[in-house]
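Only one structure is covered here, and it is reproduced in the block below.
Readers should treat all values here as calculations from the given coordinates under stated rules, not as data from a laboratory. Quick caveat, the model's predicted, so the values are computed rather than measured. In this analysis, Cβ positions are derived from the backbone assuming ideal geometry, glycine residues included, and neighbour counts consider all displayed protein chains.
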Amino acid sequence: MNAALFPDLVVNGERVPHALVAAETQNQTAPAGKPGIAWRKAANAVTIRTLLLQEARLCRIEAEPLEFGPGRFETQEEALIRGLLDQAINVVPPTEADITSEWLKDPTRFRSPPLWEVSHILCACDPRNEADRAKVQIRAQGLLALVLSDPKSLPAIATRESDCGSRSSGGALGQLGPNDTLPEFEAALRQLAEGEISPEPVLTRHGYHIIRMDAVALGQVLPFEAVRDRIAEAMEKTSWARRSRAFIAQLVEAADIQGADLNRV
């Protein structure tokens, strides 16, 4: 193993097994052919987890794993870290004045869910297969060019070319709301005005989509009373995240770390 590319990780004198860092690389993104970047990201993540566990042991934290889903429990390490952060981080709930001030910044941010009426053409592929993805992307771009040249042709092209069952209805998906479709698809919907077509094919796990926004019903602006609790919860979460970052930064500052650089990707 290349020691310069994959150095040993030692945190406050505790040597971390290479296997732990290697396992964590699966959760990190990096350009193809650059394993060193994924390793550095993984080493940083494992370093922070190790520091938190060391602090939990030092503080004699005791915490039982919680169930976060049917038959799904925290690991003992996750429970210890949660217990440590619960003890170390104290978030003061925002005052009514703070909540009102946040709402007044832009009341139009708080709306009932929108509804989108959508049509699409699907060019199916497995995104994990690079050769298949590249070939299907070319096909999708060709179909998109046809649709952009004549937007009214989308139903006919969808009926003839789409790999989705909606081809039987000219690509019409009907009305969709938030969380009704895949995140990438929804993100594209949020960028389209009524009558617009996605400027590029949109990739999801199903393949490439050419999307047309047929109609938009924007959600109504909600009164303060309806969103007060939501704003308070968001403010508390933001405060907790800020304080937790500061707590971790203190641990990093005081630590002796070899094999990771938390100031670098």
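Structure notes:
- Partner aspartates and glutamates for K34 [C-alpha distance under 18 Å; skip if fewer than 8 residues away on the same chain]: E24, E130, D261
- Karplus 3J(HN,Hα) series, Hz, for segment 55-69 with 6.51 cos²θ - 1.76 cosθ + 1.60 (x for Gly, Pro): 5, 4, 5, 4, 8, 6, 5, 10, 8, 8, x, 9, 8, 10, x
- About the Cα centre, charge dipole magnitude for the chain (Lys/Arg +1, Asp/Glu -1 at Cβ), debye: 640
- The relative contact order of the chain comes to 26 percent, based on Cα pairs under 8 Å that sit 6 or more residues apart.
- Comparing Cα centroids, segment 163-238 and segment 103-157 end up 11 angstrom apart.
- Cα-based helix-to-principal-axis angle, 76-88 vs the chain, degrees rounded to 10: 80
- Think of the chain as having a plus end and a minus end, set by charges on the Cβ of Lys, Arg, Asp and Glu; of S153, A22, F247, S153 sits farthest toward the positive end of this dipole.
- Interchain or long-range residues, amide H under 5 Å from T204's placed H: H209
- All aspartates and glutamates inside 13 Å of K152 as judged from Cα atoms, apart from same-chain residues fewer than 8 positions distant: E196, D214
- Derived scalar couplings between HN and Hα for segment 182-198 equal 6, x, 5, 5, 5, 4, 5, 4, 5, 9, 9, 8, 4, x, 7, 10, 3 Hz in order, rounded to whole Hz, by the Karplus curve 6.51 cos²θ - 1.76 cosθ + 1.60 (θ = phi - 60°), x for Gly and Pro.
- For segment 115-217, the dipole from Cβ point charges (+1 on Lys and Arg, -1 on Asp and Glu) about the Cα centre works out to 260 debye, to the nearest 20.
- Where [x] 19.8; [y] 23.0; [z] 18.6 are the candidate values, the label of the one calculated here for Kirkwood radius over Cα pairs in Å is [y].
- Within the chain, longest stretch free of exposed trypsin sites (Lys or Arg not before Pro) [DSSP loop, at most 14 other beta carbons within 10 Å]: 61-127
- Normalised by the number of residues in segment 73-203, the average gap of Cα pairs under 8 Å and 6 or more apart makes the relative contact order 26 percent.
- Anchor K135: aspartates and glutamates whose Cα lies under 19 Å away (excluding residues fewer than 8 positions away in-chain): D126, E161, D163, E200
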